[in-house]
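Notes follow the structure.
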Amino acid sequence: MLSSELNKLVKISIIGSPAVGKTTMLKLLAKNTIDRVYLPTHGIDLKTVKMGDFTIKVWDFAGQSGYLQVSRDHLLGTDILFVVTDSTLRNVLHSRDLINFAAHFVEKGCPIIVIANKQDLRKKDGRMDPKRVEEILQVKTYGLTAINPGERNKLLEIIRNELNRIAIRRRLLEIEF
């Protein structure tokens, strides 16, 4: 690959507990049909998405703890890490452990972003709003309802903002070398 092509290649990794909406978020991003049948991911699901000049490789990791332990080496080279939670206290606290775990395997400058998913259920069963999740985790957090195709633009905007930062970071690295 040419250097210019490599600079436009971005790896996004998605981690989280089982059944929090990681694969649904991936389907939302890739414009795939979002169904309401839960089928757990086994291992890793990979998708490629084009965004402007960027080619994004999205790695959706299974949420069961055994898979994540095996997948830790696959986190290497991640440019953006999404930690998805279903916004329940139990999952938010587990997400804190996942953030601490993953921080050892991603580059120092890699943004870690929490997606407080399932915001459509928040009032019904005590799920937390994104601001409260962010207070607990001390990581930039965005609310999302991944089953809603109308939320795709919100997800794209989050990624677009990070892509701009990645491009700047890569240019600075080129100047240093």
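Each reported figure results from applying straightforward, stated rules to the coordinates on display, with no laboratory input. These numbers come from a predicted model, not from an experiment. Backbone-built Cβ (ideal geometry, glycine too); neighbour counts: all protein chains shown.
See the values below:
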item	result
All-pairs Cα distance distribution in the chain, expressed in whole percent, bin size 5 Å	1, 8, 18, 22, 21, 16, 8, 4, 1, 0, 0
Relative contact order for segment 101-177, counting Cα pairs under 8 Å that sit 6 or more residues apart, in percent	26
Sequence of Thr88, Thr23, Thr48 once ranked by neighbouring C-beta atoms within 10 Å, starting from the fewest	Thr48, Thr88, Thr23
Pairs beyond 20 Å (Cα-Cα), from Lys31/Lys123; Lys118/Lys154; Lys27/Lys57; Lys22/Lys140	Lys31/Lys123
Extension gain, Leu46 back to Asp97 (0.36 nm per residue minus Cα-Cα distance, nm)	16.0 nm
Neighbour-count ranking [beta-carbon atoms within 10 angstrom, fewest first] of Val10, Val114	Val10, Val114
Rounded to 5, the percent of DSSP beta bridges in the chain classed as antiparallel	30
Dipole-positive endmost among Phe82, Ala146, Phe101 within the chain (Cβ charges, Cα centre)	Ala146
Computed helical MRE - 222 nm, the chain, DSSP H runs ≥ 4 contributing -39500 (n - 2.57), nearest 500	-12000 deg cm²/dmol
